[in-house]
Amino acid sequence: MTTSLIIARKEFRTAFRNRLFLTITLLFLGLSILSVYIGSTTKRAEMRIYNETITNLQAEGAVVLPATPEIHTLTILANLVEYVSIVGAILAVILGYNSLGEERDSGGLKLILSRPVYRDQLLWGKWLGNTAVLATLLGLVFLFNSVLLVVVGGIIPTGAELLRLFVFTLMALAYLLTFLSLSIFLSLRLNSSANVFLVSLVIWMVVSFVLPQMAETQMVNSSVVNSISGAINQIPQETAVSQTINAFSPTWHLRNIGGQLLQSAPGSGSMSSGTLIAHVLTTLLILLAPTVAFIAASFTTFLRNETLVLE
Amino acid sequence: MTTSAITTYELTRHYGENTAVSQLNLTIPQGEVFGFLGHNGAGKTTTVNLLTTLLLPTSGSATILDFDIVEHNREVRQLIGYVPENVRLYNDLTVAENLRFLAELSEVKYVDDRISQILDLLGHPEWQDRRVGGFSKGMRQRVGIAQALLHKPEVLFLDEPASGLDPEGQRDIGRLITTLNRDYGITIFMNTHRLAEAARLCTSIGIMNHGRLVMADTLENVMTRFPDAPSLEEIYLHVEAQNGRFPNTAGVA
């Protein structure tokens, strides 16, 4: 087995023995149950309100009735996007910080590098192992949610719906890799592992909350009449400025593509397959770009700074 | 002809403007237990980092069993074992899993057999399936030595091996060092502050002072050179005083 794969296997094994990691993973899966339960309850309530409205209108002799609301199965999982973007990102940061920052502080890297192991092999091994951890975790979430749709939601998803959920899982992995690579890079740049954790979290908060909020202030509102209740809703519309700000937020990109794939975003139900595929590929490239940049920067830092493991 | 285990020639390492190790010339024959003594910041750990290929020299050179530490660092890493001062293993893994991981990195064949052999040597075969997380410092130190022996190294570097251990732990580590040297022929290079330990275990010593090697000889020669000194500690304090580290209160002429 090659050196990088030996290191990757160890990373995988230690992650799934780490209590903090396991606790957050269980929290993640627990939130999935809650998400499906809330989603299915909300959708049932929407259908009940619609049916009651139709019954009342028919009783009043109305001839023109409002159209059936678009209720897509996967919208039940809409909250999954939020859980991945919050819990998943924190998990990715913890993995990167544990993997290099803490191991460097504890002197564990010296034990590895006093063996016939090159620095690039070490870094690849760390990255591959933790990527496998995140992929496994998201795979579990994918399977878990597919089962929950049937068990909790009482819905059997179609092949197309499972494919959408699977593609969303891949997008989520690309998103989480951004934060894994960020914390690995920061582990190589900052002296203290505590600082790695804090700076990674601050960056995550900025791109996840601050940037989208800034973008929101630059949006304009348009009014839309609700077909069922007749109420007027204010729908925020993107502007060039808000789009530019959001372009720097991986979280916004994940929410955007998540809404389209899970059909919870307005108009996503009528989106053609070709348009959706184009959106998916574009978002995938956007989400992977910071990962590539952080990996390249990590290799440059680690290979140039030979005293790094000794500090 | 005996090949030297470790040879350094004008070995120097700077950190920015600070010189951690300056023009170190040292020859340690095979089979020695070499005690590397010196105050904090004298350059002992930097020397070990250089010899274990963790650090590149600024100038000069060194060989381990005739392999250059820069040109043939991969071969050097196969020949050496290294035990840092604070051995930090993976707490969530068992002893066997920790050792297996490090053995695989060292390309050890028949890993499971080798792990059993090493734990038998340490006298703790029952540790195999225990998680390292619950281990005391002394137990970790023993596992640290175990990991350094997995690939049958010919030279073993120990950085303060008995630091922070209780007297029983110090005695056990001392016995293990003697066994490894006497029964397995492993050359030992040991950084230590413990002069009584050095006097008991080492066959030769070197004293570093502010990055410079100020004395290196067999323990027997050192003791002969200072006949008035009752202990290695007195000699050490005298040498340090001569080099401006302490006032000379050692009573050694």
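All of the numbers you see were taken from the coordinates with simple rules; none came from a lab. As the structure is a computational prediction, the values presented were derived from the model and not from experiment. All Cβ positions, glycine included, derive from the backbone under ideal geometry; neighbour counts span all protein chains shown.
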Proxy exposure order for B:Y9, A:Y50 (fewest C-beta within 10 Å first) is B:Y9, A:Y50
Most fluctuating of B:K137, B:K109, B:K152 in the GNM of chain B (C-alpha, under 10 Å) is B:K109
Here the relative contact order (percent) of segment A:109-180, from C-alpha pairs under 8 Å and at least 6 apart, is 34
Of all DSSP beta bridges having both residues in chain B, the percent classed as antiparallel (nearest 5) is 55
Taking every C-alpha to C-alpha distance in segment B:145-253 and binning by 10 Å from 0, the per-bin percentages run 13, 42, 32, 12, 1
With R₀ set to 25 angstrom, the calculated FRET efficiency between the beta-carbons of A:T68 and A:S223, to the nearest 0.05, is 0.60
In this structure, among A:K110/B:K137; A:K126/B:K137; A:K10/B:K44; A:K126/B:K152; A:K110/B:K109; A:K110/B:K44, pairs with alpha-carbon gaps over 24 Å are A:K126/B:K137; A:K10/B:K44; A:K126/B:K152
Each label sits 7 Å from Cα toward the beta-carbon; between A:R48 and B:R182 the label points are separated, in nm, by 8.4
Per the helix-only model, chain B has a calculated mean residue ellipticity at 222 nm (DSSP H runs of ≥4, -39500 (n - 2.57) each, divided over all residues, rounded to the nearest 500) of -11000 deg cm²/dmol
For chain A the mean separation of alpha carbon contacts under 8 Å (6+ apart) over residue count, i.e. relative contact order in percent, is 25
Averaging 1/r across every pair of distinct alpha carbons in the protein assembly as shown and inverting yields a Kirkwood hydrodynamic radius, in angstrom, of 27.6
Counting only DSSP beta bridges with both partners in the protein assembly as shown, the antiparallel fraction in percent, to the nearest 5, comes to 60
Shielding of B:80-92 by other chains, given as the mean Cβ count within 10 Å, works out to 5
In nm, the gap between the two label points placed 7 Å beyond Cα toward Cβ at A:T55 and A:V202 is 5.7
Per-residue Cβ contact counts at 10 Å, fewest first, order A:S298, B:S59, A:S4 as B:S59, A:S4, A:S298
Chain A: Kirkwood hydrodynamic radius (Cα pairs, Å) comes out at 21.5
Dividing the mean separation of Cα pairs under 8 Å (6+ apart) by the residue count of chain B yields a relative contact order in percent of 24
Rounded to one decimal in nm, the spacing of the 7 Å Cα→Cβ label points at A:I86 and A:A132 is 3.2
What one gets for segment B:28-124 as the Kirkwood radius, inverse of mean 1/r over different Cα pairs in Å, is 15.8
